[in-house]
Amino acid sequence: MKAHVPDVGAPDPEHKTSPIVDEYAEYEETPPDVDLESGGCHFNGATYPFGHFVRSGSELLCCEKPGIWVRKGEMRPD
């Protein structure tokens, strides 16, 4: 049985969404729009804990420290 991964839709510029990066992206410093105090990631105004997965379109995203979404591949709708 597959675990349920919420479909959060596309990022809405009217709501807070943490940066989304490629799985193998290298960054030397924390992106400026990361909220280090939240203890997780934001997507369209909702907060998710570190380690939580969501689906945006067909992209599977994982919330990772310091508060960024990391692309983990593609996922077909249920």
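We did not get these values from a lab; they are worked out from the coordinates using the rules stated. Quantities reported herein were computed from a predicted structural model and do not represent experimental measurements. Neighbour counts run over all protein chains shown; Cβ positions are idealised from the backbone, glycine included.
Some notes on this structure:
- Paramagnetic label zone (point 7 Å from Cα along Cα-to-C-beta, residue 7; backbone N under 20 Å) in region 55-78: 55-63, 71-78
- Burial order of peptide ranges 47-56, 9-18 (average beta-carbon count within 10 Å, highest first): 47-56, 9-18
- Karplus-derived 3J(HN,Hα) values for region 60-70, using 6.51 cos²θ - 1.76 cosθ + 1.60 with θ = phi - 60°, are 9, 10, 10, 7, 10, 5, x, x, 10, 8, 10 Hz; glycine and proline are entered as x.
- Computed 3J(HN,Hα) for region 9-23, one whole-Hz value per residue from the Karplus formula 6.51 cos²θ - 1.76 cosθ + 1.60 where θ = phi - 60°, is x, 7, x, 9, x, 7, 10, 5, 9, 5, x, 10, 10, 6, 4, glycine and proline marked x.
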